[in-house]
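See structure below.
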Amino acid sequence: MVPQPPDVTETILEALHTLGYPPAAVKASTQLQDDLGIDSLETVELSAIVCQRLGLPPRVSADVRDVRTVADLAARIRPLLHEGRGDTESSP
């Protein structure tokens, strides 16, 4: 049986919780900047943390331009897992 890929959205939510954001305040539709006050640099850092937790190499992170919500970030990270882009660096 092939193992299921990790749930990217859940990994992002867990990372946000460990960074101090209360679980009740964060869901897939949460606006990173407007609701949580996360700026673009912090979004890049969050992407790096999530990619690391998902087992992607340290050089790999998602392109976070125009990422507004948790769901947007998950949509940017998911292809990195599905396409097996572990040896390819994405633009920050």
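The values are calculated or read from the model by the stated rules, or taken from the named source; none is laboratory data. Since the model is a prediction, treat every value here as computed from it, not as a measurement. When we count neighbours, we look across all protein chains shown, and the Cβ atoms used for this are built from the backbone with ideal geometry, even at glycine.
If you scan the range 12-41, which residues turn out to be in contact (Cβ under 8 Å) with a residue 24 or more places away in the chain, more than 17 Å from Arg68 (Cα to Cα) and part of a helix (DSSP H, G or I)?
Residue satisfying the conditions is Glu14 alone.
Identify all residues within the range 19-37 that are surrounded by 11 or more Cβ atoms within 10 Å (Cβ to Cβ), among the small types (Gly, Ala, Ser) and out of contact with any helix residue (DSSP H, G or I) (no Cβ under 7 Å at 6 or more places or on another chain); write none if there are none.
Matches in the range 19-37: Ala25 only.
Considering only residues of the range 61-91 that are of a type in the set (A, V, I, L, M) and crowded, with 21+ Cβ neighbours inside 10 Å, which is modelled with the lowest pLDDT?
My answer is Ala62.
Select from the range 65-80 the residues that are in a loop (DSSP other than H, G, I, E, B) and over 12 Å from Ile12 (Cβ atoms) and list them in ascending order.
Result: Arg65, Asp66, Arg68.
Could we say that Leu56 is buried (at least 16 other Cβ atoms within 10 Å of the Cβ), in contact with a helix residue (DSSP H, G or I) (Cβ under 9 Å, 6 or more places away or on another chain) and modelled with pLDDT of 90 or more here?
No, not satisfied.
Output yes when any residue across the range 48-63 is in a loop (DSSP other than H, G, I, E, B), touching a Pro at 6+ places or on another chain (Cβ under 6 Å), touching a residue at least 12 places away in the same chain (Cβ under 8 Å) and of a type outside the set (Ser, Thr, Tyr), and no when none is.
yes
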